[in-house]
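Here the structure comes first, spelled out in structure tokens, and everything after it is commentary.
Each reported figure results from applying straightforward, stated rules to the coordinates on display, with no laboratory input. For clarity, every value in this text was computed on a predicted model and none was experimentally measured. Because the Cβ atoms are built from the backbone with ideal geometry, glycine has one as well, and the counts that use them run over all protein chains shown.
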Amino acid sequence: MPVGTAATVKAVPQGMLETLGADGVGAQIILGNTYHLYLRPGHEAIRRMGGLHRFMSWGRPILTDSGGFQVFSLSGLRKITPDGVEFRSHLDGSKHFFSPEHSMEVQLALGSDIAMAFDECLEYPAEWSRARASLDLTMAWAARSKAHFDAHKHENPWEMGSHVSEARHGAPAPGWCVPDVAPGAVPSLFGIVQGGMYLDLRRESAERLVELDFPGYAIGGLAVGEPRERTIEMIAATLEWLPKDKPRYVMGVGYPEEIAEYARMGVDMMDCTIPTRVGRHGQLFTSEGRLSIKNRRFAEDQGPLDPECGCPVCARYTRAYLRHLFASGETLAGLLNSVHNLAFYLDTMRRVRAELSN
């Protein structure tokens, strides 16, 4: 799932996202960031405009995170209590408060198809006692998130907001997208397994979430600095404690070879900012391995970026031209690099799906 932090997958237009990959299917679901959209342009503004799908003209599914990871990463700018988290905006220093209920209200206003329960993302490393206290908080917040979400999940911004928007601003522009949802459809809420790097706490977290009967489950608190072998250990063990007939989602991973491995282990969903983030810095994934397009050896290389890739970038541009764009600081460099990396990721997962279906 490509990450669209502020209602955009950085540098990549929505129309391109819909067609990337060798099969032309494109990204079938993307992410939005609750914390950033809450601060700017504001969830109530997005609700009035008919929800995030309409606002960003994306008709396919959207998953929103809870805002927890961003809030907790503010460290010196936030204060955690059993009720929620008080924090200061990284934009202007203004004071805000996120509780499980408020996180649900923001995500429901955004109108995402999949929302995430409010949780605490634990730092690494952390002592067992710290992880124990964090887990208790996350489990209490999971129950509160689910109770509030279930009570309000029928409040539908893409129906209630569209009439307001058209009345104020007229009919939408040509090509404007509406969410592809069935009448009466309601969003789903996923619980998040936490527990640090402790298997006993991970197991308890998973079992308590299963008792709450979420429609899907995420494995959070990984890829936060721990050795990769610990990541694999935590994922493998946690998968055994989660239902196999419901989606299982590992948050915030990873490199192409990693997401392929996790899928083979039984993970259904993953997201990561890597393809667009490293693309903007000239790092590219190819069938021949990773390369840095800023390298001087590509200055007169007339070959495609990846001869095995059929994405629009590889079909049209040379390595020399891509290097020139990056060296010149051209905005197009970030766009083309991101498009290729996203296509590479989507094709990686397409091949894994084909492999697992045989």
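Data table
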item: Shape box of the stretch 273-358 [Cα atoms, principal axes, largest first, Å]; result: 45, 25, 19
item: Alpha-carbon centroids, the stretch 269-337 and the stretch 89-137: separation in whole Å; result: 35
item: Kyte-Doolittle mean at least -1.0, axial Cα span of 18 Å or more - DSSP H helices of the chain; result: 128-152, 199-212, 228-240, 331-357
item: Computed E for residue 19/residue 90 - FRET, C-beta separation, R0 41 angstrom, nearest 0.05; result: 0.75
item: Label-point separation, residue 133 to residue 6 (7 Å along Cα→Cβ), nm; result: 3.5
item: Simple label model, 7 Å out from Cα along Cβ direction - residue 277 to residue 232, nm; result: 2.2
item: Taking the stretch 273-358 and dividing mean pair separation by its residue count, relative contact order in percent (alpha carbons under 8 Å, at least six apart); result: 34
item: Spin-label model distance (nm) - residue 45 vs residue 315, 7 Å beyond Cα toward Cβ; result: 3.7
item: Calculated [θ] (222 nm, deg cm²/dmol) that DSSP helices of n ≥ 4 give over the chain, each run adding -39,500 (n - 2.57); result: -13500 deg cm²/dmol
item: Hull-based mean projected area of the stretch 199-358, where the convex hull spans the alpha carbons, in square nanometres; result: 10.9
item: For a label point 7 Å along the Cα-to-beta-carbon line of residue 200, residues of the stretch 116-133 with backbone N under 17 Å; result: 126-133
item: Alpha carbon Rg of the stretch 178-265, scaled by the compact-globule rule 2.2 N^0.38 Å; result: 1.18
item: Residue of 131, 142, 320 that the Gaussian network model of the chain assigns the largest fluctuation, springs spanning Cα pairs under 10 Å; result: 320
item: Amide H contacts under 5 Å for residue 85, placed H, 5+ residues apart; result: 98, 99
item: Radius 10 Å from Cβ of residue 88, net charge of other residues (Lys, Arg +1; Asp, Glu -1); result: +1
item: Approximate shape of the chain as ellipsoid semi-axes (Cα gyration tensor, √5λ), whole Å, largest first; result: 33, 26, 20
item: Lys, Arg +1 and Asp, Glu -1 on Cβ, resulting dipole of the stretch 273-358 about Cα centre, debye, nearest 20; result: 240
item: For the chain: relative contact order, % (alpha-carbon pairs under 8 angstrom, 6 or more apart); result: 16
item: Backbone N under 14 Å from the residue 331 label point (7 Å along Cα→Cβ), restricted to the stretch 1-18; result: 10-13
item: Where GluC sites (Glu not before Pro) fall in DSSP loop in the stretch 105-158, at most 11 other Cβ within 10 Å; result: 127
item: Value of D in µm² per second that Stokes-Einstein yields for the stretch 1-133, Kirkwood Rh from Cα pairs, at 20 °C (1.002 mPa s); result: 135
item: Of all DSSP beta bridges in the chain, antiparallel share, percent nearest 5; result: 40
item: Likely footprinting exposure, 219, 29, 259, fewest C-beta neighbours within 10 Å first; result: 29, 259, 219
